[in-house]
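K.L.:
Handing you a structure now.
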Amino acid sequence: MRMTRLHRPPLLIVFLTCCAIAVAVVVFVFKRDQVAVAAKDYDIVILQGRVIDPESKLDAVRNIGISAGKIQTITTKALNGRATFDAKGLVVAPGFIDLHEHGQIPENYRAQAMDGVTSSFELEVGTADVDRWYAEREGKAAVNFGVSIGHIPTRMVVMDDRGEWLPSGPAATRQATGAEIEELKRRIERGLNRGAVAVGFGPAYTPAASHWEIQEMFRVAAGNNAPCHAHLREAREPAISALGEVIAAAAITGAPLHVVHVNSTGTQWTPRLLQIIGEARSRGLDVTTECYPYTAGMTRIESALFDEGFQQRLGVDYKDLQWPETGERLTPETFARYRKQGGGVIIFSNTDEMVRVAVTSPLTMIASDGIAYQNGKGHPRAAGTYSRILAQYVRKEKSLSLMDAIKKMSLMPAERLERRAPVMKNKGRIKAGADADIVVFDAERVTDKATYERPAEYSEGFKYVLINGVAVVRDGKLQEGFTPGRALRAPIK
Ligand SMILES: [Zn+2]
């Protein structure tokens with residue numbers, strides 16, 4: 001039957017009916033999703049912890065909801081999750097970020113996770129082959145990992161120095177030719193193109209590298225917005241001129257500068273080095289620094305650091321050197337023997353007072369300078385640095401506030417790298433959208449256990465350590481076989 005004009009619905013009514021149906025559908029779907037979220041909740045919830053975030057300055061009891069490896073919410077409201085971590089009476093903070101750790105092997109990563117470290121970087125020495133370095137660790141690391149393109153190892157490749165890890169031949173002793181400097185620049189540029197997060201330097205280990213050579217490498221770094229992580233050329237009083245060398249290079253080229261372990265390089269001159277760094281910053285230079293909380297350092301005995309005259313340069317004698325394998329203090333005879341053999345040696349060269357000056361300075365970040373264990377022997381800083389800060393300086397001495405300590409161990413290192421490596425903008429913070437790299441610890445109990453005699457002892461007091469939303473430490477115990485650590489790289493060109 002043919003519809004009359006009256007029976008045909010007017011266009012406007014059809015349109016309004018469609019709109020009403022559309023709105024109803026949207027409301028239904030929205031409500032259903034809300035119900036779904038409430039029922040599904042989060043992968044993990046951390047409940048009733050004292051959340052400390054150095055970026056927002058939050059220090060209050062909150063619940064945290066985590067899904068898909070990221071922090072989704074921080075709230076006073078009740079939350080449900082598939083896994084519930086009770087943090088009542090405990091501190092919840094961003095995971096610690098170590099910018100200076102040489103022991104980039106599974107054994108060190110596990111010890112670091114037990115010490116609250118969620119991201120571990122080798123930036124001072126670095127590597128000569130960025131792609132290979134990352135590939136070797138992919139899918140095998142308990143913590144996140146990253147590396148610099150290193151001037152030291154690159155110089156070893158270019159000059160065919162067969163030293164183990166650090167130079168013991170031409171890379172330490174020979175001036176580079178113009179062609180070699182060009183080759184070094186090309187390789188540093190290539191490493192940065194492959195996502196290295198910084199450029200590493202150690203003129204103390206490459207004393208034959210000229211000021212010009214160091215500056216040329218800084219120029220490459222500056223062109224890539226890469227911070228230069230430098231172990232100064234000399235220690236003691238001359239450290240002031242050695243600091244001047246790299247500050248000048250930064251000022252001339254525009255490269256950001258990060259001075260590694262200001263305390264172990266500076267010894268009794270540490271306050272002056274810190275003053276100079278502060279003054280350079282006040283002139284607008286991007287200069288930062290770090291320290292570790294131990295009076296002894298450790299490095300290779302066959303390196304250039306122990307060339308003739310080391311006693312004057314380092315302010316130590318044979319008796320201040322300890323061989324980790326045996327625990328013995330060295331004599332001229334044993335020093336000569338071990339230098340020929342090669343290996344790591346512990347150097348007692350600093351005082352508690354100078355370490356305290358460095359640790360409590362607002363300029364310093366905390367970085368371990370840990371070294372890979374050799375048969376469980378080494379330096380306690382690899383396993384104990386971060387809990388030692390919390391136990392010694394925050395709890396016992398009260399020379400550092402908990403908020404400042406956490407800032408030095410998480411936010412400051414993230415900020416150091418984030419202009420070059422934007423992945424770091426989601427680390428070092430407790431905020432919605434940040435990576436779920438989180439530590440939960442008992443501020444009254446947390447303590448380092450590693451000693452010079454037993455350097456691989458795990459720290460105590462961390463109840464949970466989450467890395468990308470995976471609990472590598474749970475109820476204070478390391479979860480063996482968990483490897484949620486991811487590569488932290490600058491954008492690859
Ligand atoms: Zn180092």
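K.L.:
For the chain, what does the helix formula give at 222 nm: sum of -39500 (n - 2.57) over DSSP H segments with n ≥ 4, over the residue count, nearest 500 deg cm²/dmol? Each step should come with its number before you reach the end.
P.N.:
Numbers: 16 runs with 164 residues, N = 493.
Value at 222 nm, helices only: -10000 deg cm²/dmol.
K.L.:
Go through ILE46, ALA113, TYR134 and say which Cα lies farthest out towards the positive end of the charge dipole of segment 37-166; charges sit on Cβ, +1 for Lys and Arg, -1 for Asp and Glu.
P.N.:
It is ILE46.
K.L.:
Working with all protein chains in place, sort ILE66, ILE247 by solvent-accessible area computed with a 1.4 Å probe, largest first. Kindly include the intermediate steps, with their values, before the conclusion.
P.N.:
Numbers: ILE66 0, ILE247 25 Å².
Result of the area sort, largest leading: ILE247, ILE66.
K.L.:
Roughly how many debye, to the nearest 20, is the charge dipole of segment 389-493 about its Cα centre, given +1 on each Lys and Arg Cβ, -1 on each Asp and Glu Cβ, and no other charges? Intermediate results must be reported in sequence, preceding the final value.
P.N.:
Numbers: 21 positive and 14 negative charges, 120 e Å.
In total the dipole reaches around 580 debye.
K.L.:
Summing +1 for each Lys or Arg and -1 for each Asp or Glu, what net charge is found among the other residues whose Cβ lies under 11 Å from the Cβ of HIS211?
P.N.:
Details: positive: ARG233; negative: GLU213, GLU216, GLU245.
Here the count lands on -2.
K.L.:
Continuing with the same structure: Let's see if you can work this out: charge +1 on each Lys and Arg Cβ, -1 on each Asp and Glu Cβ, no other charges. What is the dipole magnitude of the chain about its Cα centre, in debye to the nearest 20? Walk me through the numbers on the way to the answer.
P.N.:
Numbers: 63 positive and 57 negative charges, 511 e Å.
It comes to approximately 2460 debye.
K.L.:
Keeping all protein chains in the complex and leaving out DNA, RNA and ligands, what accessible area do you get for LYS185 with a 1.4 Å probe, in Å² to the nearest 10?
P.N.:
Accessible area, nearest 10 Å²: 50 Å².
K.L.:
Next question. Over the alpha carbons of segment 79-126, what is the largest minus smallest coordinate on each principal axis, giving the biggest first in Å?
P.N.:
That gives 44, 18, 16 Å along the principal axes, largest extent first.
K.L.:
Let me ask something else about it. Find which of PRO413, ILE438, TYR393 sits farthest along the positive direction of the dipole of segment 373-449, computed with +1 on the beta-carbon of Lys and Arg, -1 on that of Asp and Glu, about the Cα centre.
P.N.:
PRO413
K.L.:
How many percent of DSSP beta bridges within the chain run antiparallel, rounded to 5?
P.N.:
Working: 38 of 69 bridges.
If we restrict to bridges inside the chain, about 55 percent are antiparallel.
K.L.:
Right, here's the next one. If the viscosity is 0.890 mPa s and the temperature 25 °C, what Stokes-Einstein diffusion coefficient in µm²/s follows for segment 98-183 when Rh is the Kirkwood radius over Cα pairs? Spell out each step's value before the answer.
P.N.:
Working: Rh = 14.0 Å.
Taking Rh from Cα pairs, D becomes 176 µm²/s.
K.L.:
Work out, step by step, the length gained on full extension between ASP86 and ASP286: first 0.36 nm times the residue separation, then minus their alpha carbon distance; give nm to one decimal.
P.N.:
Working: separation 200, 0.36 × 200 = 72.00 nm, distance 4.08 nm.
Computed gain between ASP86 and ASP286 is 67.9 nm.
K.L.:
Moving on. Decide, for segment 154-296, between rounded, prolate and oblate: order the square roots of the alpha carbon gyration tensor eigenvalues as a ≥ b ≥ c, take rounded if a/c falls under 1.5, and otherwise choose prolate if a/b is larger than b/c, else oblate. Walk me through the intermediate numbers first.
P.N.:
On the way: a/c = 1.84, a/b = 1.31, b/c = 1.41.
Here segment 154-296 falls in the oblate category.
K.L.:
So for TRP269, TRP133, TRP165, what's the accessible-area order with a 1.4 Å probe, most first?
P.N.:
Values: TRP269 55, TRP133 20, TRP165 85 Å².
Descending accessible area places them as TRP165, TRP269, TRP133.
K.L.:
Shifting gears a bit: So how strong a dipole does segment 283-324 carry about its Cα centre when Lys and Arg Cβ are +1 and Asp and Glu Cβ are -1, to the nearest 20 debye? Mind showing how you got there, number by number?
P.N.:
Working: 4 positive and 7 negative charges, 21 e Å.
Rounded to the nearest 20 debye, it is 100 debye.
K.L.:
So, one more: What percent do you get for the relative contact order of segment 61-170 when only Cα pairs under 8 Å and 6+ apart count?
P.N.:
Values: 150 pairs, mean separation 19.6, N = 110.
Worked out over segment 61-170, it gives 18 percent.
K.L.:
How big is Rg to Rh over segment 362-493, alpha-carbon atoms, Rh as the Kirkwood inverse-mean-distance radius?
P.N.:
Working: Rg = 15.5 Å, Rh = 16.0 Å.
Rg/Rh: 0.97.
K.L.:
In a solvent-free Debye calculation with one equal scatterer on each Cα, what is log10 I(q)/I(0) for segment 38-186 at q = 0.18, 0.21 Å⁻¹, listed in the order of the q values?
P.N.:
One equal scatterer on each Cα of segment 38-186 leads to -1.06, -1.24.
K.L.:
While we're on this one: So how compact is segment 327-428: Cα radius of gyration and Dmax in angstrom?
P.N.:
According to the Cα coordinates of segment 327-428, Rg and Dmax are 17.4, 52 Å.
K.L.:
Further question on the same structure: Could you grab the Rg to Rh ratio for segment 213-368? Cα atoms only, Kirkwood for Rh. Could you put the intermediate results ahead of the total?
P.N.:
Values: Rg = 16.5 Å, Rh = 16.4 Å.
Reported Rg/Rh (Cα atoms, Kirkwood Rh): 1.01.
K.L.:
A further question follows. For GLU415, GLU290, write out the residues from largest to smallest accessible area, computed with a 1.4 angstrom probe and no ligands counted.
P.N.:
Working: GLU415 85, GLU290 0 Å².
Result, largest first: GLU415, GLU290.
K.L.:
So for the chain, averaging the separation of alpha carbon pairs under 8 Å that are six or more residues apart and normalising by length, what relative contact order in percent results? Walk me through the numbers on the way to the answer.
P.N.:
Working: 1164 pairs, mean separation 97.8, N = 493.
The value is 20 percent.
K.L.:
While we're on this one: For Cα pairs less than 8 Å apart in space and 6+ apart in sequence, what is the mean separation divided by the residue count of segment 169-296, i.e. the relative contact order in percent?
P.N.:
Working: 190 pairs, mean separation 27.3, N = 128.
Relative contact order for segment 169-296 comes out at 21 percent.
K.L.:
Using the charge dipole of segment 99-248 (Lys, Arg: +1 at Cβ; Asp, Glu: -1 at Cβ; taken about the Cα centre), state which of GLY244, LEU166, TRP212 has its Cα farthest towards the positive end.
P.N.:
TRP212
K.L.:
Can I ask one more? Quick check: pseudo-label points 7 Å beyond the Cα along Cα→Cβ at GLU418 and ASP475, how many nm apart are they?
P.N.:
Calculated label separation equals 3.6 nm.
K.L.:
CYS291 accessible area, nearest 10 Å², 1.4 Å probe?
P.N.:
0 Å²
K.L.:
Next question, about the same structure. For ILE64, what accessible area in Å² do you get when you roll a 1.4 Å probe over the heavy atoms of the protein chains, rounding to the nearest 10?
P.N.:
It works out to around 0 Å².
K.L.:
Okay, moving on. State the percent of C-alpha pairs, over all pairs in segment 166-221, separated by a distance greater than 19 angstrom.
P.N.:
Numbers: 399 of 1540 pairs.
Every Cα pair in segment 166-221 considered, those over 19 Å come to 26 percent.
K.L.:
If all Cα-Cα distances of the chain are sorted into 20 Å bins from 0 onward, what percent lands in each bin, rounded to whole numbers?
P.N.:
Going out from 0 Å in 20 Å bins, the chain shows 23, 51, 17, 6, 3, 0 percent.
The values are calculated or read from the model by the stated rules, or taken from the named source; none is laboratory data. The structure presented is a predicted model; accordingly, all values stated were derived computationally and were not measured. Quick reminder, even Gly has a Cβ in these numbers, built from the backbone with ideal geometry, and neighbours come from all protein chains shown. To get the accessible areas, we keep the full protein, side chains included, count just its heavy atoms, and leave off ligands, DNA and RNA. Shrake-Rupley method; radii C 1.70, N 1.55, O 1.52, S 1.80 Å.
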